[in-house]
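Enquirer: One structure coming up, written as structure tokens, with questions to follow.
Every number in this text was worked out from the coordinates using simple rules, so none of it is lab data. Since the model is a prediction, treat every value here as computed from it, not as a measurement. Because the Cβ atoms are built from the backbone with ideal geometry, glycine has one as well, and the counts that use them run over all protein chains shown.
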There are 2 protein chains.
Amino acid sequence: MSALELIQVAKSAAASVALASINTRNAVLRELASSLRLRSNEVLKANALDLQMGIANGMAQGLQDRLRLDEARIESLAKAVEEILEFPDPIGETVTSKTLPNGIQLSQVRVPFGLIGMIYEARPNVTIDIAALAIKSGNALVLRGGSAAEQTNEALIAIVGDALKSQSLDPNSVVTVDRFGRDGAVAIMHARGLVDVLIPRGSAGLIKTVVEESKVPVIETGDGVVHIFVDSTADLQKAVPVVINSKVQRPSVCNSLETLLVHKDVAEEFLPVLSAELNKSNVIVHCCERSLLLMPGAVAATEQDWSTEYLSLELSVRVVDSLDAALEHIAKYSTRHTESILTRDTASAARFQAEVDSAVVMVNTSTRFTDGGEFGFGAEVGVSTQKLHARGPMGLTVLTSTKWLVNGDGQVRS
Amino acid sequence: MSALELIQVAKSAAASVALASINTRNAVLRELASSLRLRSNEVLKANALDLQMGIANGMAQGLQDRLRLDEARIESLAKAVEEILEFPDPIGETVTSKTLPNGIQLSQVRVPFGLIGMIYEARPNVTIDIAALAIKSGNALVLRGGSAAEQTNEALIAIVGDALKSQSLDPNSVVTVDRFGRDGAVAIMHARGLVDVLIPRGSAGLIKTVVEESKVPVIETGDGVVHIFVDSTADLQKAVPVVINSKVQRPSVCNSLETLLVHKDVAEEFLPVLSAELNKSNVIVHCCERSLLLMPGAVAATEQDWSTEYLSLELSVRVVDSLDAALEHIAKYSTRHTESILTRDTASAARFQAEVDSAVVMVNTSTRFTDGGEFGFGAEVGVSTQKLHARGPMGLTVLTSTKWLVNGDGQVRS
């Protein structure tokens, strides 16, 4: 069977999940959580094979860590499935309805997408998260999780398939094309009329490739060159922990701070204090000419630093003359993920929120709050940095579309 | 200036429209409607040049008709702008809002996309419609309307630019890349980070090219191989006018009927009556083996007929054994635009609406009702046949995205 044929099989299986009741879909999730615990040995054995292969191929330590499963991690996978189980049904909601003047009843209802594609990097937790989210929202799923996790993903998907079967749903509604290597990814990207939406998750390079090569609709999840602007009226006492939290709490993720802009009127007071705190956390600071003297141990920033997503304990710092200059810098270098202004001036706050064209625009908070969990969505599908369909943190609703139902009594158009 | 540079100019101008008040945006539309009337001579002169060129190049009569403007058509363009003027502001609405447990205020507000691209075929009315819709929704616009309408579109866009200028908005927020020929279209399709959404309108071939070549987010507007299924319990008296209206009222558009499926139990009674009516309207009928004998003058259908969008006075007819067989035929051949069941059985109606995976699924009405105007949206951007962002007839809201505003008091994430 080719990768395309496998995608066709998943598409044909989609109706089975789409038409299942919420009780059946939840029963599948309950079975999935329980089987993950019961069959953890199978998964760990497969995972050991992937790790062995990875080590033999010189896989970096960080990637090994992301790939590695143990009993505790499998338990947290099962727990994540149980959390998704608790969410309300995203399907069937009537979004709008009305009666037209000619008597026709019109309603727009929430329906599953059909077949969702996901291309991601070797992270087995994504496999279970997205499978549970897809089943909850009545969707079929075709996955390409990277050949480095092939054995692990196959073991996990076998368990998903059995959970579907346990409720008489078609196990082929969740499949992986990992065994076809890159051909599998290409098949998903080109499957017009089969894959209803494709969501890439991973490095900027992976996302760019998927966006550029795909002929199916894509939701772009993006990298974050995230900014904070410390305005002249900022509460500098509060600004220090907000900047430190934004940069240091989890530097490897997309909502962490990469560039700090500081109003010239407060730079001399603020930056030395901040510098001491950043040094405590071993943050490497890349400074513009004006901030360099104020931040002991910093290095000179290059033009490239302003558009770099470090994803590590590094930070760019620039002193700007005004809110206008800050807005201009952000317009030029931001990836339109998250920006925050620290200010006590409501007019500046309002202008910043109106003019910054990013998915999430904050006033006086840490940028780390751009997150589906923090926003109260429960599980997160990713953070969209484009404007089509979904923008910002994405929850279950993003995996749904709508359909128009028109009910009449023989009306014709005049 | 290259096409890409022109797109960058439009992107830079986008903030001018995005931040304008609704009063200013409406004033631009008022000025546009009035200038179209006052400066109709300019437009007609340009249009005559395009027509002259088209005739010299052997342009088909139908295309000439679509391209041709006269005083009456310009008046209707101005009227369309005035209708859009009356719509409520689609921008600024708070979609959701809540206070998080940590005191952060979270709200999701409706914002313009930014820069919208449109690639379409030589129809000058689309130029004014989309320009008015874009300005109303606070968006900038880059158009590629086909070289056959280049002079006309340039004259129209000069008027749009002057209307923007009259309210001190940047006239470059509406531009056309027509003068760059195909390079202009390619520049739009590849303008990642500049064009926020691209909407193709036109033939199936044009849409396929745009979907496949684009590296920016696309809303696919689609062709319609539209079906009606006459069930065994249908009210056959009412079925005849519904089928005739669906096929005959305006055969050249995407919501007109292309394939009629008829339950075997009513075929003998229904098809001869229908046939007489279809003959009155000179409809060419392509029949399956079972219907051929029941419809005098019909021709035998080929396999290709089932997936053909005739867009003319032609119709395919097939007798099926059951609702299941009808659903199977539709799943195989439909372009997922609009399908309608004619039935008196509520269970069959419910099953049809649940299982048919199309943008609009009807019971007992003409398929011609799939239309933004009929749905009460006012102006129509097109009909989406994909499931991302918008599905079915698209109104002004489709030209908006959302942004998350987060307001706090120094909160950090723990």
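Enquirer: At what distance in nm do the modelled label points of B:Ala48 and A:Lys165 sit from each other, each positioned 7 Å from its Cα along Cα→Cβ?
Expert: About 7.7 nm separates the two model spin labels.
Enquirer: For region A:226-369, max minus min Cα coordinate along each principal axis, in Å, sorted largest first?
Expert: Extents along the principal axes, in whole Å: 36, 30, 27.
Enquirer: A:Arg344's amide H: which non-local residues (gap 5+, or another chain) put their own amide H closer than 5 Å, with H modeled 1.01 Å from N in plane and none for Pro or chain starts?
Expert: A:Thr233, A:Ala234, A:Asp235
Enquirer: Simple spin-label model, 7 Å along Cα-to-Cβ: B:Leu313 to A:Glu5 in nm?
Expert: For the pair B:Leu313/A:Glu5, the computed spacing is 4.7 nm.
Enquirer: Would you mind classifying chain B by shape? Square roots of the alpha carbon gyration tensor eigenvalues, ordered a ≥ b ≥ c; an a/c under 1.5 is rounded, otherwise it is prolate if a/b is larger than b/c and oblate if not.
Expert: It comes out oblate by the Cα gyration axes.
Enquirer: R0 = 60 Å: FRET efficiency of B:Ala56 with B:Asn102, Cβ-based, nearest 0.05?
Expert: The formula returns an efficiency of 0.30 here.
Enquirer: Now for a separate question. Closest approach to the A-B rotation axis by any Cβ of A: residue and distance in angstrom?
Expert: Smallest Cβ distance to the axis, with its residue: A:His389, 2.
Enquirer: Distance between the C-alpha centers of region B:181-204 and region A:207-222? Whole Å please.
Expert: That distance is 16 Å.
Enquirer: For A:Glu289 and A:Ala331, what does the FRET efficiency come to when R0 = 30 Å and r is the distance between their Cβ atoms, rounded to the nearest 0.05?
Expert: After rounding, the FRET efficiency stands at 0.90.
Enquirer: Taking A:Thr346 in one copy and the same position in all the others, each labelled 7 Å out along Cα→Cβ, what are the pairwise distances from the first, in nm, shortest first?
Expert: Nearest to farthest, the other copies are at 5.3 nm.
Enquirer: Karplus couplings for region B:402-413 from phi (6.51 cos²θ - 1.76 cosθ + 1.60, θ = phi - 60°), rounded to Hz, Gly and Pro as x?
Expert: In residue order, the calculated couplings are 10, 9, 9, 10, 10, 10, x, 9, x, 4, 10, 8 Hz.
Enquirer: Please average, across the residues of B:206-213, the number of beta carbons from any other chain that are within 10 Å of each residue's own beta carbon, and give a whole number.
Expert: On the way: counts 0, 0, 2, 0, 0, 5, 5, 1.
Per-residue shielding by partner chains comes out at 2.
Enquirer: Which of the three applies to the protein assembly as shown, rounded, prolate or oblate, going by the alpha-carbon gyration tensor with a ≥ b ≥ c and a/c under 1.5 meaning rounded?
Expert: Judged from the Cα gyration tensor, the protein assembly as shown comes out oblate (a/c at least 1.5, b/c at or above a/b).
Enquirer: A further question follows. Just list whichever of A:Lys215/B:Lys98; A:Lys45/A:Lys280; A:Lys208/B:Lys387; B:Lys98/B:Lys215 have alpha carbons separated by over 31 Å in the model shown.
Expert: Values: A:Lys215/B:Lys98 37 Å; A:Lys45/A:Lys280 41 Å; A:Lys208/B:Lys387 22 Å; B:Lys98/B:Lys215 35 Å.
Over 31 Å apart, Cα to Cα: A:Lys215/B:Lys98; A:Lys45/A:Lys280; B:Lys98/B:Lys215.
Enquirer: Separate question: Assuming a ≥ b ≥ c are the square roots of the Cα gyration tensor eigenvalues, decide whether region B:1-94 counts as rounded (a/c under 1.5), prolate (otherwise, with a/b larger than b/c) or oblate.
Expert: Judged from the Cα gyration tensor, region B:1-94 comes out oblate (a/c at least 1.5, b/c at or above a/b).
Enquirer: Inside 10 Å of the C-beta atoms of B:372-380, what's the mean count of C-beta atoms belonging to other chains? Before the final figure, lay out the partial values.
Expert: Numbers: counts 0, 0, 7, 8, 4, 0, 0, 0, 0.
Taking the mean over all residues of the peptide, I get 2.
Enquirer: Just grab the label-to-label distance for A:Lys264 and B:Glu269, each label 7 Å out from Cα along the Cβ direction, in nm (one decimal).
Expert: Using points 7 Å along Cα→Cβ, the separation is 8.7 nm.
Enquirer: I want to verify a result. In a Gaussian network model of chain A, Cα cutoff 10 Å, which of these has the top mean-square fluctuation: A:Pro251, A:Pro217, A:Pro88?
Expert: A:Pro88
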